[in-house]
Amino acid sequence: MNEQALMDIAKVLVAGDKGLLAMDESNPTCNKRFAGLGIPQTEKTRQAWRELIATTPGLAECISGAILYDETIRQRNKQGTPLIKTITDAGIIPGIKVDAGAKDMAGHPGEKMTEGLDGLRDRLGEYSQMGARFAKWRAVIALGEGIPSRACIEASAQALARYAALCQEAGLVPVVEPEVLMEGDHTLAQCFETTEEVLRAVFRQLYIQGVMLEGVILKPSMVLQGLACPKLETVEEVADATVKCLLRAVPAAVPGIAFLSGGQSGELASARLNAMNLRFKSRLPWALAFSFARAIQRPAMEIWSGRDANVEAAQQALLHRARCNRAARRGEYSAAMEATGA
Ligand code: 13P
């Protein structure tokens, strides 16, 4: 393991007020998003969408790294240029999702376990050869009556740590993603408690398994009330709870925390990230960044709708969301930015 190289990559991923763009939807997930907009669900349209993202002028001003999916990292444009080359040439570091998705957990109704450790060492070697410099693994934690169970939390944390150790061995920075889902009627306080418990379990396992924290990016969910919770928390309450929870559970050695958006609107995700940086940035040991998929892609995908004629307008919408999130890292995002489309 080249520790310095891993630390350097991790640092660059959260430098310059930039963040990550997750464009690593599995084929079924990407198809689901397309179906909702009437876009044909084919390999060709998935390629066209990812090409649109990768060729957005100026994207690298705000995006340090892009997370790809196995199909995507192998795709080429009509001229035969590999997408990963387009991304690298644009000044964006390519990463790769390496988990094989979350499946129903045996004996634990309502809970999921992420698969994909078998053969992972070989796959990481191949992705590294192809030019990937970091990887992502997502564990999912559902909140509800009697869940999450200890079994789900511990097994998910252990899998994340095993994945992270294999990544570092292969010279890839692991993005460690324990997602506490928004579905349910749980309160902010309940989400706080579960998120703290999950993060503590994750960092205990990372320690046990010898993962070098300086070469890791944490990708957590924000601490939020459930989607069906009647009490709507303010942006400031969410920011305070999220930062308090992270300060309790995330060691200072971690260089960066890049949130997932989890189904929040683009505006809310930006506003909440902004509030965290505005209120706490100077007092935090790690950078607070973003690694959004839907909160960056959604408006652009709606505009594109699979039509060539809409590519430019969609790219402008994508760049707009990326800029809003860079501003949020600086604590400079405001609703006025949305109005002007600046
Ligand atoms: P969202 O930002 O849409 O939650 O996606 C982030 C991600 O990478 C999920 O694994």
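Filter the stretch 267-278 down to the residues that are open to solvent by 10 Å² or more (accessible area, probe 1.4 Å) and within 13 Å of the ligand (Cβ to nearest atom), then identify the one that is farthest from R200 (Cα to Cα).
L268
Kindly check whether there is at least one residue in the stretch 172-188 that is in a loop (DSSP other than H, G, I, E, B) and without any contact (Cβ under 8 Å) to a residue 24 or more places away in the chain. Steps first, answer last, please.
Just the residues of the stretch 172-188 that are in a loop (DSSP other than H, G, I, E, B), to begin with: 172, 181-187.
Pick out the ones that are also without any contact (Cβ under 8 Å) to a residue 24 or more places away in the chain and you get none.
The answer is no; no qualifying residue exists.
Give the number of residues within the stretch 217-256 that are open to solvent by 20 Å² or more (accessible area, probe 1.4 Å) and touching a strand residue (DSSP E or B) at 6+ places or on another chain (Cβ under 9 Å).
Selection size over the stretch 217-256: 1.
If you check every pair at least six apart or on different chains, which have Cβ atoms under 7 Å apart with a residue in the stretch 293-307 that is touching a residue at least 40 places away in the same chain (Cβ under 8 Å) and within 12 Å of the ligand (Cβ to nearest atom) first and a residue that is open to solvent by 30 Å² or more (accessible area, probe 1.4 Å) and assigned to a helix (DSSP H, G or I) second?
M301/R33
In this structure, does R283 turn out to be surrounded by fewer than 16 Cβ atoms within 10 Å (Cβ to Cβ) and farther than 30 Å from A35 by Cα?
Answer is yes for this residue.
More than 16 Å from the ligand (Cβ to nearest atom), in contact with a Cys (Cβ under 7 Å, 6 or more places away or on another chain) and either part of a helix (DSSP H, G or I) or touching a residue at least 60 places away in the same chain (Cβ under 8 Å) (or both): does that describe E196?
Details: more than 16 Å from the ligand (Cβ to nearest atom): yes; in contact with a Cys (Cβ under 7 Å, 6 or more places away or on another chain): yes; either part of a helix (DSSP H, G or I) or touching a residue at least 60 places away in the same chain (Cβ under 8 Å) (or both): yes.
So E196 fits the description; yes.
When the stretch 121-153 is examined, which residues are found to be part of a loop (DSSP other than H, G, I, E, B) and open to solvent by less than 40 Å² (accessible area, probe 1.4 Å)? Lay out the reasoning, then the answer.
Initial filter on the stretch 121-153 (part of a loop (DSSP other than H, G, I, E, B)): 131-133, 142-143, 145-146, 148-149.
Passing the criteria: G131, A132, A142, L143, P148, S149.
Table: residues versus (1) within 28 Å of L68 (Cβ to Cβ); (2) among the polar types (S, T, N, Q).
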site: G131; (1), (2): yes, no
site: E145; (1), (2): no, no
site: I153; (1), (2): no, no
site: S156; (1), (2): yes, yes
site: C167; (1), (2): yes, no
site: V211; (1), (2): yes, no
site: C229; (1), (2): no, no
site: E233; (1), (2): no, no
site: C245; (1), (2): no, no
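Would you mind telling me which numbered condition in (1) open to solvent by less than 40 Å² (accessible area, probe 1.4 Å); (2) touching a Leu at 6+ places or on another chain (Cβ under 8 Å); (3) not acidic (D, E) Q190 fails?
Among (1) open to solvent by less than 40 Å² (accessible area, probe 1.4 Å); (2) touching a Leu at 6+ places or on another chain (Cβ under 8 Å); (3) not acidic (D, E), the lone unmet condition for Q190 is (1).
Looking at (1) within 16 Å of the ligand (Cβ to nearest atom); (2) farther than 27 Å from R323 by Cα; (3) buried (at least 22 other Cβ atoms within 10 Å of the Cβ), which is the only condition N27 fails?
(3)
Could you tell me which numbered condition D118 fails, if it satisfies all but one of (1) buried (at least 17 other Cβ atoms within 10 Å of the Cβ); (2) of a type outside the set (S, T, N, Q); (3) part of a loop (DSSP other than H, G, I, E, B); (4) away from the ligand (no atom under 16 Å from the Cβ)?
If we test D118 against (1) buried (at least 17 other Cβ atoms within 10 Å of the Cβ); (2) of a type outside the set (S, T, N, Q); (3) part of a loop (DSSP other than H, G, I, E, B); (4) away from the ligand (no atom under 16 Å from the Cβ), just (1) comes out false.
Name the residue that is nearest to the ligand (Cβ to nearest atom), counting only residues in the stretch 81-96 that are open to solvent by 30 Å² or more (accessible area, probe 1.4 Å) and closer than 22 Å to G125 by Cβ.
Our first condition is that a residue be open to solvent by 30 Å² or more (accessible area, probe 1.4 Å); within the stretch 81-96, this holds for 81-82, 85, 88-91, 93.
Add one more test, that the residue is closer than 22 Å to G125 by Cβ, and what stays is 82, 85, 88, 93.
On the way: P82: 22, K85: 23, T88: 20, I93: 15 Å.
In this case the residue turns out to be I93.
Search the stretch 30-55 for residues being in contact (Cβ under 8 Å) with a residue 60 or more places away in the chain and among the polar types (S, T, N, Q), and hand back the single one that is nearest to the ligand (Cβ to nearest atom). Break it down into steps so the answer makes sense when it comes.
First, the residues of the stretch 30-55 that are in contact (Cβ under 8 Å) with a residue 60 or more places away in the chain: 33-34, 37-40, 45, 48-49, 52-53, 55.
After this cut, where a residue has to be among the polar types (S, T, N, Q) as well, the list is 45, 55.
On the way: T45: 19, T55: 21 Å.
Ranking the candidates gives T45 first.
Kindly indicate which of I303, I296 is open to solvent by 50 Å² or more (accessible area, probe 1.4 Å), among the β-branched types (V, I, T) and within 24 Å of E25 (Cβ to Cβ). Spell out how you get there, then give the answer.
Values: I296 fails: open to solvent by 50 Å² or more (accessible area, probe 1.4 Å).
From the options I303, I296, the qualifying one is I303.
Report, ordered by the first and then the second residue, all pairs with beta carbons closer than 7 Å, sequence separation of six or more or different chains, a first member in the stretch 56-80 that is open to solvent by 40 Å² or more (accessible area, probe 1.4 Å), and a second member that is of a type in the set (D, E, K, R).
Listed by first residue and then by second, the contacts come to Y69/D24; Y69/E25; Y69/K97.
Any idea which residue in the stretch 41-54 is surrounded by the fewest Cβ atoms within 10 Å (Cβ to Cβ), counting only those that are over 20 Å from the mean Cα position of the chain (by Cα) and among the β-branched types (V, I, T)?
Going through the qualifying residues, I end up with T42.
Taking the residues in the stretch 132-150 that are of a type in the set (A, V, I, L, M, F, W, C) and in contact with a Gly (Cβ under 8 Å, 6 or more places away or on another chain) as candidates, determine which candidate is farthest from the ligand (Cβ to nearest atom). Before the answer, list the steps.
Step one: of the stretch 132-150, the residues of a type in the set (A, V, I, L, M, F, W, C) are 132, 134-135, 137, 139-143, 147.
Pick out the ones that are also in contact with a Gly (Cβ under 8 Å, 6 or more places away or on another chain) and you get 132, 134-135, 137, 142-143, 147.
Numbers: A132: 15, F134: 13, A135: 12, W137: 9, A142: 15, L143: 16, I147: 20 Å.
Of everything passing the filter in the stretch 132-150, I147 is farthest from the ligand (Cβ to nearest atom).
I need a count of the residues in the stretch 30-40 that are touching a Phe, Trp or Tyr at 6+ places or on another chain (Cβ under 8 Å) and open to solvent by 40 Å² or more (accessible area, probe 1.4 Å).
So the answer is 1.
The values are calculated or read from the model by the stated rules, or taken from the named source; none is laboratory data. For clarity, every value in this text was computed on a predicted model and none was experimentally measured. No Cβ is skipped: glycine too gets one built from the backbone with ideal geometry, and neighbour counts run over all protein chains shown. When the accessible area is computed, the model is the full protein with side chains, heavy atoms only, and any ligands, DNA or RNA have been set aside. Shrake-Rupley method; radii C 1.70, N 1.55, O 1.52, S 1.80 Å.
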